[in-house]
Amino acid sequence: MTDTPLTKPVLIPALALALLIGAAAFVCPASAQSAVAEGQRLAFDRSKGNCLTCHEIKGGDLPGTIGPPLKDIKSKYPDRDELVAILTDETKRNPQTVMPPFGRNRILSEKEISAVVDFLQTL
């Protein structure tokens, strides 16, 4: 007795799913790299993120010294959500901060904040 007719309908969708998952694995690193590049662009952009006005960042020109140097960020802030909160509105944690509330004031969108966090986590 052969079970080929019964397994063919199951085998084809399973194979398609496996191929789709494999293809996604190749796409994700590329999209992550593009998010990091976009985050760096925003962080260095004097009209958007403008991080260099206050922070020293590796690769950035003419950094400010009001804020701390941005390095070893992933070890200092292992929780990604904490960085998102800081960029969105640091005044909630520290009312005396001079850090602009990029999200609250709509200087950066949620997507842009996420990209900047992606970049910061590489420092």
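Of all residues in the stretch 73-102, which are closer than 16 Å to ASP45 by Cα and of a type outside the set (A, V, I, L, M)?
Answer for the stretch 73-102, where residues must be closer than 16 Å to ASP45 by Cα and of a type outside the set (A, V, I, L, M): PRO100, PHE102.
Only one of (1) out of contact with any helix residue (DSSP H, G or I) (no Cβ under 9 Å at 6 or more places or on another chain); (2) more than 18 Å from GLY103 (Cβ to Cβ) is not met by LEU62, so which one is it?
Of the numbered conditions (1) out of contact with any helix residue (DSSP H, G or I) (no Cβ under 9 Å at 6 or more places or on another chain); (2) more than 18 Å from GLY103 (Cβ to Cβ), the odd one out for LEU62 is (1).
Any residue at all in the stretch 114-122 that is over 21 Å from GLN33 (Cβ atoms) and surrounded by 12 or more Cβ atoms within 10 Å (Cβ to Cβ)?
No, that holds for no residue.
Looking at (1) surrounded by 13 or more Cβ atoms within 10 Å (Cβ to Cβ); (2) at pLDDT below 90, which is the one condition that is false for LEU70?
Of (1) surrounded by 13 or more Cβ atoms within 10 Å (Cβ to Cβ); (2) at pLDDT below 90, only one is false for LEU70: (2).
Inside the stretch 74-87, can you point out the residues that are surrounded by fewer than 16 Cβ atoms within 10 Å (Cβ to Cβ) and touching a residue at least 24 places away in the same chain (Cβ under 8 Å)?
LYS74, ARG80
Determine the pairs where a residue that is in contact (Cβ under 8 Å) with a residue 24 or more places away in the chain, located within the stretch 88-103, has a partner that is buried (at least 17 other Cβ atoms within 10 Å of the Cβ) and among the aromatic types (Phe, Trp, Tyr) with Cβ atoms under 8 Å apart, the partner being 6 or more residues away or on another chain.
Short answer, once both residue conditions are applied: THR88/PHE102.
From the set of residues in the stretch 26-49 that are modelled with pLDDT of 90 or more and not aliphatic (A, V, I, L, M), which is nearest to the chain's Cα centre (by Cα)?
Restricting to residues being modelled with pLDDT of 90 or more and not aliphatic (A, V, I, L, M), the top hit is GLY39.
Going residue by residue through the stretch 66-85, is there one that turns out to be over 17 Å from the mean Cα position of the chain (by Cα) and small (Gly, Ala, Ser)?
Yes: the stretch 66-85 contains one or more residues that are over 17 Å from the mean Cα position of the chain (by Cα) and small (Gly, Ala, Ser).
The values are calculated or read from the model by the stated rules, or taken from the named source; none is laboratory data. The model shown is predicted, which means the values in this text are computed figures rather than measured ones. Here Cβ is always computed from backbone atoms with ideal geometry, including for glycine, and neighbour counts include all displayed protein chains.
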